[in-house]
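A quick write-up on the structure given underneath.
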Amino acid sequence: MNVSYFITSLLDQLMAQMVYILPVLVLVTLFKSRWFKGKLGEFLVNTSAKLRLDDKIYHLIKNVTLPTEDGTTQIDHIIVSIYGVFVIETKNMKGWIFGGKDQRTWTQKIFKESHKFQNPLFQNYKHTQTLKELLQLNDQQIHSVIAFMGEATFKTEMPENVTQGGGYVRYIKSKITPVLTESEVKAIIEKIEQGRLISSWKTDRAHVAHLNEKSAERMNQNLCPKCGAVMVLREVKKGENAGKQFWGCTGYPRCRGVREYYDSISTQ
Ligand SMILES: [Zn+2]
């Protein structure tokens, strides 16, 4: 083997290696770039729910409009499953995040600049309460989840439903007790997707207002607050209140409507 042959074959080998090394170098540079990190963040927000939560079990609904006292509000993501309804509030923030469960405002700090923002748990509480009322769910059936995206770092201890990156997926998956049936899940999805939330909210409000009016009327006439029947004066037979008088519904035992005695004297 002569020297020139040796060098040529060495160069050949190097060139062959470069074919592999070059793309790797390009990829490494790309992965390190700010652009890529930004894209990656976006990608995670948009697809991690799809990628990591089985869509046969978890149904993602985006941009849900909810009614409020003074108009409407938007929920970015709702995930409906037999493990409950997950109401997700996403926060696209970087820097250091300071906050506590019961603090009204939280702080974001980037270098020396700090910025206050509303406690996202409070913000999402309104969403979950409205949704709970509209879908007639109990506390076990609805979950509030805060998902910080971007490069935020928590600098204070956060409750487990305040998550970072893909943490919200882990949180959702940690709920393993079924609290809704398949048909309830279906009904909830339909109700949300058909945009029936606002109309049913208006009906609810009107209904409550009507009930309040009706019960005020009954109060004035000393009628049973529950069914509107005539009330009669009765006496407590047993217990520490024995001997005390009260108004009881004449529909007893079918109706157990009562009123305190003193509170009706003024209306007589
Ligand atoms: Zn009654």
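The values are calculated or read from the model by the stated rules, or taken from the named source; none is laboratory data. Bear in mind the structure is a predicted one, so any value in this text is a computation, not a measurement. As a convention, Cβ positions derive from the backbone with ideal geometry for all residues, glycine included, and neighbour counts pool all protein chains shown. The accessibility values were calculated without ligands, DNA or RNA, using every heavy atom of the protein model including side chains. Shrake-Rupley method; radii C 1.70, N 1.55, O 1.52, S 1.80 Å.
Restricting the calculation to alpha carbons of segment 102-151 gives Rg and Dmax of 14.3, 46 angstrom. Rounded to the nearest 500, the 222 nm mean residue ellipticity of the chain from helices alone is -14000 deg cm²/dmol, with -39,500 (n - 2.57) taken per DSSP H run of at least 4 residues. Evaluated over the Cα positions of segment 221-268, the convex hull gives a direction-averaged projected area, one quarter of its surface, of 3.3 nm². Longest span of the chain, sites excluded, free of GluC sites (Glu not before Pro) in DSSP loop with at most 10 other C-beta atoms within 10 Å? In short, 70-156. Note on Lys173: accessible area approximately 100 square angstrom, rounded to 10, probe 1.4 Å, nucleic acids and ligands left out. Shape descriptor for segment 61-199: Rg over Rh equals 0.99 (Cα atoms; Rh from the Kirkwood inverse mean 1/r). Protein-only accessible surface at a 1.4 angstrom probe places the residues Arg170, Arg205, Arg254, Arg259 in the order Arg254, Arg170, Arg205, Arg259, largest first. For the chain, the antiparallel share of DSSP beta bridges with both residues in that region comes to about 70%.
With bins 5 Å wide beginning at 0, the percent of Cα pairs of segment 138-234 falling in each bin runs 2, 9, 11, 11, 11, 11, 11, 10, 8, 6, 5, 3, 1, 0.
Working from the alpha-carbon coordinates of the chain, get Rg over Rh, Rh being the Kirkwood radius. Rounded to two decimals, Rg/Rh equals 1.28.
Rank Tyr83, Tyr58, Tyr5 by accessible area, highest first, at a 1.4 Å probe radius?
Tyr5, Tyr83, Tyr58
Remark: the chain carries 67 Å² of accessible area per residue (probe radius 1.4 Å; ligands, DNA and RNA excluded). The apolar share of the surface of the chain, taken as the fraction of accessible area on carbon and sulfur atoms (1.4 Å probe, ligands and nucleic acids excluded), comes to 56 percent. Using the Cβ of Phe98 as centre and a radius below 11 Å, the other residues enclosed give a net charge of +2, where K and R count +1 and D and E count -1.
Computed extension gain for Tyr252 through Thr156, at 0.36 nm per residue and net of the alpha carbon distance, reaches 28.9 nm.
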